[in-house]
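See structure below.
The numbers here are math on the coordinates, done by the rules we state, and not lab data. Note that this is a predicted model, so its numbers are computed, not measured. Because the Cβ atoms are built from the backbone with ideal geometry, glycine has one as well, and the counts that use them run over all protein chains shown.
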Amino acid sequence: MAESTNRVDVLIIGAGPVGLITAYQLAKFGGVSVRIIEKHAKSMQDAFGRAITLYPRTCEMLDQLDLADELLQQCFACRDNVAYNAKGEELHGRGWSFMSKMKDTLYDFALVLRQKYQEQIFRDAMKKYGVEVEAPVELTAASVDLNVPAANHRITAVMVNHSSGIIETVQCKYLIGCDGGRSSVRRLFNIPFEGSTSEDKWVRIDGHVKTDLPQPRTYCSIESPTHGNVLWVALDHGATRVGYAFTPDRENTYADFDEAAAVKEAIAAVKPFHLEFERVDWWTVYTVGQRVAATFFAHDCVFLAGDACHTHSSGAAQGMNTGIHDAVNLTWKLRQVLCGRAKAGILDTYQAERRPNVQRLIQYDKDISRLMTGRFPENWQGDPNADVHEVLGRLMGEAGAFNSGLGIFYELQADNPLNMLGSFSGSQELVKPGMRAPDVSLLRPGTFEATRLIRELPNSARFGVLVFSADREQALPETTYDGLKNSRVLQSLADTGCLTFMTVIPTQVSSAYEFLGHEPLGRVYFDTADKAAYRRFGIQPAGGAVVVLRPDGWIGTMVALRAEAGLELEVYFRRIFKEG
């Protein structure tokens, strides 16, 4: 049994969607060495987790990473939803009705694609940058030498290849556990996993079906008197998912709950509609639980992401979306630190930003999990005779912005340099530092060809500085222009790949140079005729503004278009990046 020792910047444990997207980003951004291992062979891994739904904000983030197009090629784009009561009567404002309100995005639908197909897309994309999953390879031991300075090879990991029997010792600067609810990384570093597992059980079954359900190719809920709030989802490749509560009285009728039993209960769950399975692709029974790791970041070098640091039910289809948010939030920060440009302190913002959103999800998930099994949330203070299905629909509707991801925000905190109030405050309450930047439509010069902000500012681990010029005689005043263009701090950051400029002009003109009176800062684009980009950012065309976008697409700060704009941006970026 041979043994070897190697070094790498980042070692990722777990090759589900979260691990794959993390590794892909590091490989794509460049300048960092990365390895990703998975203890299960792919043939076995394909039989596991079956997340299916990507919500709008997740799709936007994947679009910024050049991953969305292939997903769209294979997915079922679900724009319709419907709810039925126990009599088969259609109801409004119940179940998944919040999906009809997912607006202000090109991705105004649920992108449905089973996890194994998503993972293959991510693997193929990662391979283009020279990184492949090593499997079946298992992490068996890991330790941190605190005498070694941070951002050096202070972690020693031991791995065993179950195919060759080779034991390998790897030294790495950072270790990222993306290895699920039973995370070996979390266990090896003794990180508590706080929360509880309920007695509730749910069944999920995928396959090809025949049915008389009036609208089968939708996101659908059926309010069953025996199986809770039943899930019906149109899947990719013509398949369908049915999910239902597996209550104790149903469970007690079976000595052995097998595939035939899962099909039988699915047929009963969707009554009064008829259901026949032509083929079963996959099924599972699982226990609902909500847990959160005590920390997402240990010893300044060990991270947890996805299910390794938070688990919840599939009730609101948030698990994979939340994990991808983790991966996108973390990776650009890690890359900038590893390249020696950003201050190591920005790594602390990963937990500071992600954990509050996870905790919101956990509480929400506890409530909807109980409602989906026909019970009120714990400590329910509402009408004891209320219709639980109606309460569920209302709760999911109230959380619609959170569910879609479009309303996820990062709170302003004194010790978080990434989100900072600036001298400009726009008229849009939901477009502020720490909030998602709207993906506005823009026009290219000359042809006026339509494009989108996300397409022109992809996630390359760089900040975007958007200069919204004014619709006035001095569209970009000379003092403002000089302060931005001649700033040694800003230009150094631009030269080293930390930021990029973009100029937006409020009207369509023949020459950006003539309109501005000088060269634009970075590439230039025009707003549409209705000034939609300015309006969505809350910027008056007559005044203009400068908006800083973080690499992940959230707003960092907003400053007034004035002579001091350059100095104000220097203050912002000096909190994030090292001098020189």
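Quick notes on this one:
- Sorted on the mean count of surrounding Cβ atoms within 10 Å across their residues, most packed first, peptides 231-237, 323-329, 266-272 read 323-329, 231-237, 266-272.
- Estimated FRET transfer efficiency (GLU199, GLU456; beta-carbon r; R0 45 Å; 0.05): 0.35
- Cα-based Rg and Dmax for the stretch 206-249, where Dmax is the largest Cα-Cα distance (Å): 11.1, 34
- Stokes-Einstein D (µm²/s) once Rh is taken as the Kirkwood radius of the stretch 76-144 over alpha-carbon pairs, at 25 °C in 0.890 mPa s: 149 µm²/s
- When the helices of the chain are scored as -39500 (n - 2.57) per DSSP H run of n ≥ 4 and the total is divided over every residue, the value at 222 nm lands at -8000 deg cm²/dmol.
- Relative protection proxy for 333-346, 125-138, from highest mean packing down: 333-346, 125-138 (other beta-carbon atoms within 10 angstrom).
- Placing pseudo-labels 7 Å out from each Cα toward the beta carbon at GLU378 and ASP80 gives an inter-label distance of 4.0 nm.
- For LEU412, distant residues with modelled amide H under 5 Å away: none
- Using only Cα coordinates, the Kirkwood hydrodynamic radius of the stretch 120-201 works out to 15.2 Å.
- Residue-wise HN-Hα coupling along the stretch 112-123, computed from phi with Karplus coefficients 6.51, -1.76, 1.60 (Hz; x: Gly, Pro): 9, 7, 4, 4, 5, 6, 4, 4, 5, 4, 5, 4
- When only alpha carbons are used to place a centre, the stretch 314-369 and the stretch 185-250 end up 25 Å from one another.
- Calculated from backbone phi, Karplus (6.51, -1.76, 1.60) coupling profile of the stretch 340-347 in Hz, x at Gly/Pro: x, 9, 8, 5, 4, x, 5, 5
- The stretch 402-415 - phi-based ³J(HN,Hα) in whole Hz, Karplus 6.51/-1.76/1.60, Gly and Pro as x: 6, 4, 6, x, 5, x, 5, 9, 10, 5, 6, 9, 4, 8
- Global dimensions of the stretch 259-383 from alpha-carbon coordinates: Rg and Dmax equal 19.8, 63 Å.
- Segments 20-29, 294-303 sorted - mean Cβ within 10 Å per residue, highest first: 20-29, 294-303
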